[in-house]
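Novice: The structure follows.
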Amino acid sequence: MKTAIQVNSIGNIHSENGRFYIKVNDEFKEGLTSIHGFSHLQIVWWGNLFDTAEHRNQIIANQPYKKGPQKLGVFATRSQFRPNPILITTIFVEQIDFDKGIIYTPYIDAENNTPLLDIKPYHLYERVENCNVPDWCSHWPASAEQSANFDWENEFNF
């Protein structure tokens, strides 16, 4: 049985001319109060470009990773093709303009004008020190800092 759930955008993600930022709608800017001091934030966004019946019903991916299994279930991937295109990215905070409700970041993997669903502070207690992953992705970087220089293009089949 499906349950209808209402989700509303609280702003938009922008990626324009190599500049990335999150713009919170005016009525939610006050929600940024005291967020300064967090070096990283978790950005929850709607994969609006993939919100189609075809993409929502794509439950199995055919070897999206070069070293991965022939088939992966959607819940074993970070794919944008999901029953509900809810996506999350942890960003580094460069600067926050509280008056304009803008959070600047060096990069976020979302398209320009992507709907913003939520912002959560990233806390140290969320880090898992002893995390196990399948063999096919065990060579991936152990941190966001290490991933900047990793050859991600050599990992994907898309």
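Novice: Could you list, in sequence order, the residues of region 112-133 that are part of a loop (DSSP other than H, G, I, E, B) and not basic (Lys, Arg)? Explain how you work it out, then say what you get.
Specialist: First pass over region 112-133, keeping only residues part of a loop (DSSP other than H, G, I, E, B): 112-113, 122-123, 127-133.
Across region 112-133, the qualifying residues are 112, 113, 122, 123, 128, 129, 130, 131, 132, 133.
Novice: Hey, another quick one. When the residues of region 77-96 are filtered to those that are outside any loop (DSSP other than H, G, I, E, B) and touching a residue at least 40 places away in the same chain (Cβ under 8 Å), which remaining residue is nearest to residue 35 (Cα to Cα)?
Specialist: From region 77-96, those outside any loop (DSSP other than H, G, I, E, B) are 86-92, 95-96; that's our starting set.
Pick out the ones that are also touching a residue at least 40 places away in the same chain (Cβ under 8 Å) and you get 86-92, 96.
Working: 86: 23, 87: 21, 88: 18, 89: 17, 90: 15, 91: 14, 92: 13, 96: 9 Å.
Filtering first and then ranking leaves 96.
Novice: Moving on. Condition test on residue 99, is it surrounded by fewer than 17 Cβ atoms within 10 Å (Cβ to Cβ), at pLDDT 95 or above and assigned to a loop (DSSP other than H, G, I, E, B)? Lay out the reasoning, then the answer.
Specialist: Working: surrounded by fewer than 17 Cβ atoms within 10 Å (Cβ to Cβ): yes; at pLDDT 95 or above: yes; assigned to a loop (DSSP other than H, G, I, E, B): yes.
It is true that residue 99 is surrounded by fewer than 17 Cβ atoms within 10 Å (Cβ to Cβ), at pLDDT 95 or above and assigned to a loop (DSSP other than H, G, I, E, B).
Novice: Can you tell which of 54, 30 is free of Cβ contacts under 8 Å to residues at least 12 places away in the same chain, more than 30 Å from residue 134 (Cβ to Cβ) and not in a loop (DSSP other than H, G, I, E, B)? I'd like the intermediate steps shown before the answer.
Specialist: Numbers: 54 fails: more than 30 Å from residue 134 (Cβ to Cβ).
After applying the criteria, what remains is 30.
Novice: How about region 60-76: which of its residues are in a loop (DSSP other than H, G, I, E, B), touching an Asp or Glu at 6+ places or on another chain (Cβ under 9 Å) and either of a type in the set (Phe, Trp, Tyr) or without any contact (Cβ under 8 Å) to a residue 12 or more places away in the chain (or both)?
Specialist: Residues satisfying the conditions do not exist here.
Novice: Right, another one. Look at residue 149 and say whether it is in a loop (DSSP other than H, G, I, E, B), under 18 Å from the mean Cα position of the chain (by Cα), exposed (fewer than 13 other Cβ atoms within 10 Å of the Cβ) and of a type in the set (S, T, N, Q). Walk me through how you get there before you give the answer.
Specialist: Working: in a loop (DSSP other than H, G, I, E, B): yes; under 18 Å from the mean Cα position of the chain (by Cα): no; exposed (fewer than 13 other Cβ atoms within 10 Å of the Cβ): yes; of a type in the set (S, T, N, Q): yes.
Here the answer is no, as residue 149 does not meet what is asked.
Novice: Let me ask something else. Consider region 61-93. How many of its residues are surrounded by fewer than 12 Cβ atoms within 10 Å (Cβ to Cβ) and not small (Gly, Ala, Ser)?
Specialist: Keep residues of region 61-93 that are surrounded by fewer than 12 Cβ atoms within 10 Å (Cβ to Cβ), which gives 62, 66, 70-71, 73, 75, 78, 84.
From the residues that got through so far, the ones that are not small (Gly, Ala, Ser) too are 62, 66, 70-71, 75, 78, 84.
Number satisfying all stated conditions: 7.
The values are calculated or read from the model by the stated rules, or taken from the named source; none is laboratory data. Note that the structure is predicted; figures quoted are calculated from it, not measured. With ideal geometry, Cβ positions are generated from the backbone for all residues, glycine too; neighbour counts draw on all protein chains shown.
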